Amino acid sequence: MSRILDQRILLLVISFSASVQSTKVLSEWKKCGDPECEKAMSRVQAIMDYLGPDCRYLNFKTGEEIMVYSKLSRENENLWTGSKGKDFGYFPRDAVKVEEVLIGEEVEVLTKETDFLCLHEDKYTFE
(Lines give C-alpha, C1' and ligand atoms only; values in the text may rest on other atoms or scores of the structure.)
Protein backbone atom coordinates (compact mmCIF):
# COMPACT_ATOMS: atom_id res chain seq x y z
CA MET A 1 0.00 0.00 0.00
CA SER A 2 2.82 2.36 0.92
CA ARG A 3 4.55 1.69 -2.41
CA ILE A 4 1.40 2.61 -4.39
CA LEU A 5 1.09 5.85 -2.40
CA ASP A 6 4.75 6.68 -3.08
CA GLN A 7 4.21 6.13 -6.82
CA ARG A 8 1.14 8.38 -6.84
CA ILE A 9 3.02 11.14 -5.04
CA LEU A 10 5.89 10.84 -7.51
CA LEU A 11 3.45 11.11 -10.45
CA LEU A 12 1.86 14.18 -8.87
CA VAL A 13 5.27 15.86 -8.44
CA ILE A 14 6.25 15.08 -12.05
CA SER A 15 2.92 16.39 -13.33
CA PHE A 16 3.24 19.59 -11.30
CA SER A 17 6.82 20.28 -12.45
CA ALA A 18 5.84 19.78 -16.11
CA SER A 19 2.92 22.16 -15.61
CA VAL A 20 5.14 24.86 -14.09
CA GLN A 21 7.67 24.50 -16.91
CA SER A 22 5.09 24.84 -19.67
CA THR A 23 3.69 28.13 -18.32
CA LYS A 24 7.06 29.72 -17.55
CA VAL A 25 7.59 33.18 -19.03
CA LEU A 26 10.48 32.83 -21.46
CA SER A 27 11.09 36.58 -21.83
CA GLU A 28 9.47 39.86 -20.79
CA TRP A 29 10.06 41.42 -24.24
CA LYS A 30 9.68 40.43 -27.87
CA LYS A 31 10.28 42.04 -31.26
CA CYS A 32 7.52 42.02 -33.88
CA GLY A 33 6.71 43.45 -37.29
CA ASP A 34 3.89 45.59 -35.84
CA PRO A 35 2.63 46.50 -32.31
CA GLU A 36 0.06 43.66 -32.39
CA CYS A 37 2.56 41.07 -33.67
CA GLU A 38 0.18 40.07 -36.47
CA LYS A 39 2.44 40.69 -39.48
CA ALA A 40 4.89 38.04 -40.54
CA MET A 41 8.45 39.29 -40.07
CA SER A 42 10.25 36.81 -42.29
CA ARG A 43 10.13 33.50 -44.05
CA VAL A 44 12.78 31.01 -42.91
CA GLN A 45 13.83 27.49 -43.80
CA ALA A 46 14.79 24.82 -41.27
CA ILE A 47 18.44 23.80 -41.53
CA MET A 48 18.03 20.95 -39.02
CA ASP A 49 15.33 18.80 -37.47
CA TYR A 50 13.93 20.26 -34.23
CA LEU A 51 11.78 18.66 -31.53
CA GLY A 52 10.80 21.08 -28.77
CA PRO A 53 10.75 20.24 -25.05
CA ASP A 54 7.00 20.89 -24.60
CA CYS A 55 3.82 21.91 -26.39
CA ARG A 56 4.81 25.61 -26.65
CA TYR A 57 7.48 24.75 -29.22
CA LEU A 58 7.22 24.25 -32.97
CA ASN A 59 8.55 20.92 -34.22
CA PHE A 60 9.95 20.71 -37.76
CA LYS A 61 12.18 18.82 -40.15
CA THR A 62 15.09 20.05 -42.25
CA GLY A 63 13.92 21.96 -45.32
CA GLU A 64 10.48 22.95 -43.99
CA GLU A 65 9.36 26.56 -44.41
CA ILE A 66 8.34 28.61 -41.34
CA MET A 67 6.79 32.07 -41.11
CA VAL A 68 8.29 34.13 -38.23
CA TYR A 69 5.94 36.42 -36.27
CA SER A 70 8.06 37.43 -33.28
CA LYS A 71 11.49 37.11 -31.75
CA LEU A 72 12.04 37.05 -27.99
CA SER A 73 14.40 39.82 -26.94
CA ARG A 74 16.61 41.04 -24.11
CA GLU A 75 16.98 38.12 -21.67
CA ASN A 76 16.27 35.36 -24.23
CA GLU A 77 17.10 36.31 -27.81
CA ASN A 78 17.62 32.76 -29.03
CA LEU A 79 13.91 31.90 -29.43
CA TRP A 80 11.69 32.98 -32.31
CA THR A 81 7.97 32.34 -32.74
CA GLY A 82 6.49 31.11 -35.98
CA SER A 83 4.08 28.92 -37.83
CA LYS A 84 4.30 25.96 -40.15
CA GLY A 85 0.92 25.15 -41.62
CA LYS A 86 -1.52 25.25 -38.70
CA ASP A 87 1.20 24.57 -36.08
CA PHE A 88 2.56 27.53 -34.09
CA GLY A 89 5.29 27.80 -31.46
CA TYR A 90 8.80 28.71 -30.36
CA PHE A 91 12.00 27.46 -31.94
CA PRO A 92 15.72 28.29 -31.72
CA ARG A 93 16.86 30.86 -34.25
CA ASP A 94 20.00 28.87 -35.02
CA ALA A 95 17.84 25.99 -36.35
CA VAL A 96 16.76 28.08 -39.35
CA LYS A 97 18.13 30.33 -42.07
CA VAL A 98 16.35 33.47 -43.24
CA GLU A 99 15.05 33.16 -46.79
CA GLU A 100 13.10 36.44 -47.03
CA VAL A 101 12.67 39.49 -44.76
CA LEU A 102 9.09 40.80 -44.95
CA ILE A 103 9.23 43.91 -42.74
CA GLY A 104 11.39 47.02 -42.74
CA GLU A 105 11.61 47.69 -39.01
CA GLU A 106 11.10 45.64 -35.85
CA VAL A 107 8.98 46.91 -32.93
CA GLU A 108 9.80 45.83 -29.36
CA VAL A 109 6.76 45.13 -27.15
CA LEU A 110 6.07 43.51 -23.79
CA THR A 111 5.11 39.85 -23.86
CA LYS A 112 1.78 38.68 -22.44
CA GLU A 113 1.06 35.68 -20.25
CA THR A 114 -0.86 34.14 -23.15
CA ASP A 115 2.33 34.15 -25.24
CA PHE A 116 3.56 31.21 -23.17
CA LEU A 117 0.53 28.93 -23.07
CA CYS A 118 0.09 25.76 -25.08
CA LEU A 119 -2.32 25.90 -27.99
CA HIS A 120 -4.03 22.63 -28.94
CA GLU A 121 -6.72 22.39 -31.63
CA ASP A 122 -7.61 26.10 -31.41
CA LYS A 123 -7.90 25.99 -27.58
CA TYR A 124 -5.48 27.30 -24.98
CA THR A 125 -4.31 24.77 -22.44
CA PHE A 126 -4.10 26.33 -19.01
CA GLU A 127 -2.00 24.04 -16.83
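The values are calculated or read from the model by the stated rules, or taken from the named source; none is laboratory data. Please read these numbers as outputs of a predicted model, since none were measured by experiment. Positions of Cβ are backbone-derived with ideal geometry, glycine not excepted, and every protein chain shown enters the neighbour counts. Protein only, heavy atoms only, side chains kept; ligands, DNA and RNA dropped before computing areas. Shrake-Rupley method; radii C 1.70, N 1.55, O 1.52, S 1.80 Å.
Each 10 Å bin from 0 upward holds the following percent of the Cα-Cα pairs of the range 31-103: 22, 59, 19, 0. Surface composition of the range 31-103: carbon and sulfur atoms hold 46% of the protein heavy-atom accessible area at a 1.4 Å probe.
Average accessible surface for the range 31-103: 53 Å² per residue, computed with a 1.4 Å probe over protein heavy atoms with every protein chain in place. One chain, two ends: residue 87 and residue 99. Fully extended at 0.36 nm per residue, the span grows by 2.4 nm beyond their Cα-Cα distance. From most to least packed by mean Cβ count within 10 Å, the peptides 28-36, 107-115 give 28-36, 107-115. Summarising the amide proton neighbourhood of residue 39: residues at separation of 5 or more, or on other chains, whose placed amide H is nearer than 5 Å comprise 33, 34.
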